[in-house]
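Asks: Dumping the structure here so I can ask a few things about it.
The values are calculated or read from the model by the stated rules, or taken from the named source; none is laboratory data. Keep in mind the model is a prediction, meaning the values are calculated, not measured. Cβ coordinates were reconstructed from backbone atoms using ideal geometry, including for glycine residues, and neighbour counts include every protein chain displayed.
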Amino acid sequence: MTLPRILTIMGSGETAPTMVTTHRMLAAKLPKPARATLLDTPYGFQENAPELATKAVEYFSTSINITLDVAGLTQMIGADALAVERGLQLVADAQYVFAGPGSPTYALRQWAGTPLAGLLTKKLRDGGIVTFASAAALTLGRFTLPVYEIYKVGEEPRWLEGLNILGEVGINAALIPHYNNAEGGHHDTRFCYMGERRLSMLERELPDDVYVLGVDEHTGVVIDIDAQTATVVGKGVLTIRVKGVSTEIASGEVLPLDRLRQPLSKTQNVAHSGAPSVVASKTATSDAATKPADTFDSNLRQATDRLNDAFTQAITAGDADSAARAALDLDDAIAGWSIDTLQSDDADYARSVLRSMITRLAGAATGGLRDPREVVGPFVQVLLDLRVQVRADKRFDLSDMIRDRLAEINVEVRDTPQGAEWGFRN
């Protein structure tokens, strides 16, 4: 089987449900079993690096059906030479290389003077898939943004030399993921936390032949070198920004690769009055190509709020099945977003809402009932169905909580070889 030559860039959400479809599409292009490697350098400085690697391996195993080998290149400077060589060999042999969150500055420092960049460009010449996301994606261009140093430490905006993997396919750009970030709320954190003021400063420092290529969060671009195309996938847009003038490419669009090699072809005739203008591309292939992205939740907190609203509406309408479905969907969402929320409080928030759902569902069974067995039965049954699923997921804390909440309203649950049985306590 001839290996495809593909470079995939993700702005964020690389291990979230939003990118599962893209990962599966890429995996389908590989032989089975595929040789895949997790390049763990970008987050190698973090104390929880082993946990992050484990979560990524689990995500690819359960969601993508690919086994990831961990390169073990968390530290290359001063590390055991044999261990480094083993890790580099895993990258060299891999048909699929994946790298994600962390620090682009740390990664570049560790990779400097090693064959890493050459191994990646070789795949894009001879065959293989390289998927870089978030911090790792920042290193792909001719120049790299030292995000933490500028945004967190307060250093002056500046560029670092990047790996320039994009240059291998003729794209002369500084790549910026998290392009539409809005975490700042009252202050501008777009453009990977730089905001417009700092990005404008940085843009003026770029050589005339280098432009800014922005990838929104939970969005990607799949560059197929064999087909000479670039396909935008996910929730947001791809932005081509040339000297302050931006063109947005919608999810679902398939561009000729030359569109990214020659960015001035569509922006050179746009008047520039000093303030950046936005030119929205209108060449989407079809409405159907963009609609699926609209159904994505951007993060676990958004999914939790959406499902909590659905649950509340179902309870108000007395629809036990829909209420249970919302609770089960939230349980699935917690599992699906597990690695993406590893370092946030979104997971704790979601679990607290799920516990609230269970309590409200149990409480709804006692409100205004004349025939307890007949009316309580459907509510109890959906709770027992939920309990079966959480037990299968080894979430015994939630299983026990369901049983205890039912006990509080005099419903006793007994586990038998034939399944759970229930009845009212005398």
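Asks: Please tell me if R425 is at pLDDT below 80 and over 26 Å from A303 (Cα atoms).
Replies: Working: at pLDDT below 80: yes; over 26 Å from A303 (Cα atoms): yes.
The answer is yes for R425.
Asks: Among the residues of the range 103-116, what is the count of those that are part of a helix (DSSP H, G or I), surrounded by fewer than 18 Cβ atoms within 10 Å (Cβ to Cβ) and not charged (D, E, K, R)?
Replies: Qualifying residue count, the range 103-116: 0.
Asks: Have a look at Y193, Y211 and point out the one that is in contact with a Lys or Arg (Cβ under 8 Å, 6 or more places away or on another chain) and crowded, with 16+ Cβ neighbours inside 10 Å.
Replies: Working: Y193 fails: in contact with a Lys or Arg (Cβ under 8 Å, 6 or more places away or on another chain).
Selected residue: Y211, the only one of Y193, Y211 that is in contact with a Lys or Arg (Cβ under 8 Å, 6 or more places away or on another chain) and crowded, with 16+ Cβ neighbours inside 10 Å.
Asks: Based on what the data block shows, is I150 touching a helix residue (DSSP H, G or I) at 6+ places or on another chain (Cβ under 6 Å) and of a type outside the set (G, A, S)?
Replies: Against the criterion (touching a helix residue (DSSP H, G or I) at 6+ places or on another chain (Cβ under 6 Å) and of a type outside the set (G, A, S)), I150 does not qualify.
Asks: If you check E85 against the conditions, is it surrounded by fewer than 16 Cβ atoms within 10 Å (Cβ to Cβ), assigned to a helix (DSSP H, G or I) and either assigned by TED's automatic domain parsing to the domain that holds Y151 or basic (K, R) (or both)?
Replies: It is true that E85 is surrounded by fewer than 16 Cβ atoms within 10 Å (Cβ to Cβ), assigned to a helix (DSSP H, G or I) and either assigned by TED's automatic domain parsing to the domain that holds Y151 or basic (K, R) (or both).
Asks: Answer with yes or no whether A137 is part of a strand (DSSP E or B) and either hydrophobic (A, V, I, L, M, F, W, C) or at pLDDT 95 or above (or both).
Replies: Considered against the rule, which asks whether it is part of a strand (DSSP E or B) and either hydrophobic (A, V, I, L, M, F, W, C) or at pLDDT 95 or above (or both), A137 comes out as no.
Asks: Report the residue count in the range 43-59 for those that are in a helix (DSSP H, G or I), surrounded by fewer than 20 Cβ atoms within 10 Å (Cβ to Cβ) and of a type in the set (A, V, I, L, M, F, W, C).
Replies: Result for the range 43-59: 3.
Asks: Quick check on A83: is it in contact (Cβ under 8 Å) with a residue 12 or more places away in the chain and among the small types (G, A, S)?
Replies: The answer is no for A83.
Asks: Is at least one residue of the range 362-376 under 26 Å from K394 (Cα atoms) and modelled with pLDDT of 75 or more?
Replies: No, the range 362-376 has no match at all.
Asks: Please list, ordered by first then second residue, the pairs with beta carbon atoms under 6 Å, 6 or more apart or interchain, first in the range 324-341 and more than 14 Å from V353 (Cα to Cα) and modelled with pLDDT under 80, second aromatic (F, W, Y) and in a helix (DSSP H, G or I).
Replies: I339/Y59
Asks: Turning to a different aspect of this structure: Among (1) in a helix (DSSP H, G or I); (2) at pLDDT below 95, there is one condition E14 misses while meeting the rest; what is its number?
Replies: (1)
Asks: Is it fair to say V91 is at pLDDT 95 or above, crowded, with 16+ Cβ neighbours inside 10 Å, within 17 Å of the chain's Cα centre (by Cα) and of a type in the set (V, I, T)?
Replies: Answer is no for this residue.
So that you can scan it fast, the table gives a plain yes or no per residue for (1) in contact with a strand residue (DSSP E or B) (Cβ under 8 Å, 6 or more places away or on another chain); (2) outside any loop (DSSP other than H, G, I, E, B):
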{"site": "P157", "(1), (2)": "no, no"}
{"site": "A182", "(1), (2)": "no, no"}
{"site": "D188", "(1), (2)": "no, no"}
{"site": "R197", "(1), (2)": "no, yes"}
{"site": "E203", "(1), (2)": "yes, yes"}
{"site": "L206", "(1), (2)": "yes, no"}
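Asks: Is there a residue being modelled with pLDDT of 95 or more and in a helix (DSSP H, G or I) anywhere in the range 236-259?
Replies: For the range 236-259, residues modelled with pLDDT of 95 or more and in a helix (DSSP H, G or I): present.
Asks: Mind telling me which of the residues E183, E168 ends up being more than 21 Å from T247 (Cα to Cα) and surrounded by fewer than 16 Cβ atoms within 10 Å (Cβ to Cβ)? Don't jump to the end; show me each part of the working.
Replies: On the way: E168 fails: surrounded by fewer than 16 Cβ atoms within 10 Å (Cβ to Cβ).
Criteria check complete, one pass: E183.
Asks: Does the range 92-102 include one or more residues that are of a type outside the set (S, T, Y), part of a helix (DSSP H, G or I), touching a residue at least 12 places away in the same chain (Cβ under 8 Å) and assigned by TED's automatic domain parsing to the domain that holds F191?
Replies: Scanning the range 92-102, I find at least one residue that is of a type outside the set (S, T, Y), part of a helix (DSSP H, G or I), touching a residue at least 12 places away in the same chain (Cβ under 8 Å) and assigned by TED's automatic domain parsing to the domain that holds F191, so the answer is yes.
Asks: If you don't mind, another one. With respect to T74, determine if the residue is surrounded by fewer than 16 Cβ atoms within 10 Å (Cβ to Cβ) and among the polar types (S, T, N, Q).
Replies: no
Asks: Could you say which residue among D40, D69 is closer than 23 Å to L138 by Cβ, of a type in the set (D, E, K, R) and at pLDDT 95 or above?
Replies: Testing whether each residue is closer than 23 Å to L138 by Cβ, of a type in the set (D, E, K, R) and at pLDDT 95 or above leaves just D40.
Asks: In this structure, is R403 surrounded by 13 or more Cβ atoms within 10 Å (Cβ to Cβ), charged (D, E, K, R), at pLDDT 80 or above and under 31 Å from the mean Cα position of the chain (by Cα)?
Replies: no
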